[in-house]
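Novice: One structure, as structure tokens, below. Some questions next.
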Amino acid sequence: MTPVLRTERLLLDPYVPEDEEAFVALFQDTRVSRWMGDGPTTEDEDRALFGRVFSKVYAEELFDVWAVRRDGRLVGHAEIKRTDDVDGHEIIYALAPEAWGCGLGTEIAEAVVAYGFDRLGLTEVHATVAAPNTASLALLARLGFAHVRDVREDDGSTTRVLTRRREQAVA
């Protein structure tokens, strides 16, 4: 079961069905979704994804997925899961544009990385970031992630693979 995580200003907890509209709004915002997965999807696809969080991910305890809340409002999304793309555990996070620029992305990433090391016992955690997403690349670099390799995508774009090893933990 996905545990509750707390940071100075955020609560990361499992989604509840009442989060659907805020989840869809977050994923439908192209300023956010352009950096996630294969990019923006339809509203119906995002609703189906939200449904799978309950019917597959939580029901089968596949991996940890959190709603990120500030002052009771959903402002983001976070996950940590094993993926073949990095041959290890990858962190994924997204933050609503109105919450950008005040360090909340750092709080999310730090909390999920710490969870991976401390609770899952991982020795390294990975992230994949589109090369033009300079804000996320800078955030991860500040947290001790190192660029490992580039992946050339089918559409010609580049995805950066970054890794943080446990001994690189930032105090």
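Novice: Go through the stretch 1-36 and report how many residues are farther than 23 Å from residue 51 by Cβ, in a helix (DSSP H, G or I) and open to solvent by less than 70 Å² (accessible area, probe 1.4 Å).
Specialist: The qualifying residues number 0.
Novice: Out of the stretch 134-149, which residues are part of a helix (DSSP H, G or I) and either free of Cβ contacts under 8 Å to residues at least 60 places away in the same chain or more than 21 Å from residue 85 (Cα to Cα) (or both)?
Specialist: Selection gives 134, 135, 137, 138, 139, 140, 141, 142.
Novice: Which of the residues that make up the stretch 89-105 are of a type outside the set (Ser, Thr, Tyr), touching a helix residue (DSSP H, G or I) at 6+ places or on another chain (Cβ under 6 Å) and not in a helix (DSSP H, G or I)? Before the answer, list the steps.
Specialist: Just the residues of the stretch 89-105 that are of a type outside the set (Ser, Thr, Tyr), to begin with: 89-92, 94-105.
Restricting the remaining residues to those that are touching a helix residue (DSSP H, G or I) at 6+ places or on another chain (Cβ under 6 Å) gives 89, 91, 94-97, 105.
Hits for the stretch 89-105 are 89, 91, 94, 95, 96.
Novice: Against the definition (acidic (Asp, Glu), open to solvent by 20 Å² or more (accessible area, probe 1.4 Å) and at pLDDT below 95), how does residue 71 come out, yes or no? Working first, answer last.
Specialist: Numbers: acidic (Asp, Glu): yes; open to solvent by 20 Å² or more (accessible area, probe 1.4 Å): yes; at pLDDT below 95: no.
No; evaluated as a whole, the condition is false for this residue.
Novice: Between 129, 86, 125, which is in a strand (DSSP E or B), at pLDDT below 95 and over 19 Å from residue 15 (Cβ atoms)? Steps first, answer last, please.
Specialist: Numbers: 86 fails: in a strand (DSSP E or B); 125 fails: at pLDDT below 95.
Checking each option against the conditions leaves just 129.
Novice: Taking the stretch 115-126, which residues are without any contact (Cβ under 8 Å) to a residue 40 or more places away in the chain and surrounded by 14 or more Cβ atoms within 10 Å (Cβ to Cβ)?
Specialist: Narrowing the stretch 115-126 to residues without any contact (Cβ under 8 Å) to a residue 40 or more places away in the chain: 116, 118, 121.
Passing the criteria: only 116.
Novice: Of all residues in the stretch 47-83, which are part of a helix (DSSP H, G or I), in contact (Cβ under 8 Å) with a residue 12 or more places away in the chain and out of contact with any Ser or Thr (no Cβ under 9 Å at 6 or more places or on another chain)? Full working, then the answer.
Specialist: Keep residues of the stretch 47-83 that are part of a helix (DSSP H, G or I), which gives 47-58.
The next check asks that each one be in contact (Cβ under 8 Å) with a residue 12 or more places away in the chain; those that pass are 47, 49-50, 53-54, 58.
Once the filter is applied, which keeps residues that are part of a helix (DSSP H, G or I), in contact (Cβ under 8 Å) with a residue 12 or more places away in the chain and out of contact with any Ser or Thr (no Cβ under 9 Å at 6 or more places or on another chain), the stretch 47-83 yields 47, 50, 53, 54.
Novice: Condition first: surrounded by fewer than 17 Cβ atoms within 10 Å (Cβ to Cβ), at pLDDT below 95 and polar (S, T, N, Q). Can you find one or more residues in the stretch 37-58 that meet it?
Specialist: yes
Novice: Please state which of the following conditions residue 100 fails to meet, knowing it meets all the rest: (1) more than 20 Å from residue 26 (Cβ to Cβ); (2) open to solvent by 30 Å² or more (accessible area, probe 1.4 Å); (3) among the hydrophobic types (A, V, I, L, M, F, W, C).
Specialist: (1)
Novice: So how many residues does the stretch 59-75 have that are farther than 11 Å from residue 11 by Cβ and not acidic (Asp, Glu)? Quick ask: steps written out before the conclusion?
Specialist: Filtering the stretch 59-75 down to residues farther than 11 Å from residue 11 by Cβ leaves 59-65.
Those still in the list that are not acidic (Asp, Glu) too: 59, 62-63, 65.
Total satisfying the criteria: 4.
Novice: Could I ask something else about it? Among the residues of the stretch 135-150, are any touching a strand residue (DSSP E or B) at 6+ places or on another chain (Cβ under 6 Å), closer than 26 Å to residue 29 by Cα, open to solvent by 30 Å² or more (accessible area, probe 1.4 Å) and not aliphatic (A, V, I, L, M)?
Specialist: no
Novice: Going by the structure shown, is residue 112 assigned to a helix (DSSP H, G or I), modelled with pLDDT of 95 or more and either crowded, with 22+ Cβ neighbours inside 10 Å or of a type in the set (Phe, Trp, Tyr) (or both)? First the steps, then the outcome.
Specialist: Working: assigned to a helix (DSSP H, G or I): yes; modelled with pLDDT of 95 or more: yes; either crowded, with 22+ Cβ neighbours inside 10 Å or of a type in the set (Phe, Trp, Tyr) (or both): yes.
In short, yes.
The values are calculated or read from the model by the stated rules, or taken from the named source; none is laboratory data. Here the structure is a predicted model, which means the values were calculated and not measured. Using ideal geometry, Cβ is built from the backbone for each residue, glycine included, and neighbour counts are taken over all protein chains shown. Quick note on the areas: whole protein, heavy atoms, side chains included, nothing else; ligands and nucleic acids left out. Shrake-Rupley method; radii C 1.70, N 1.55, O 1.52, S 1.80 Å.
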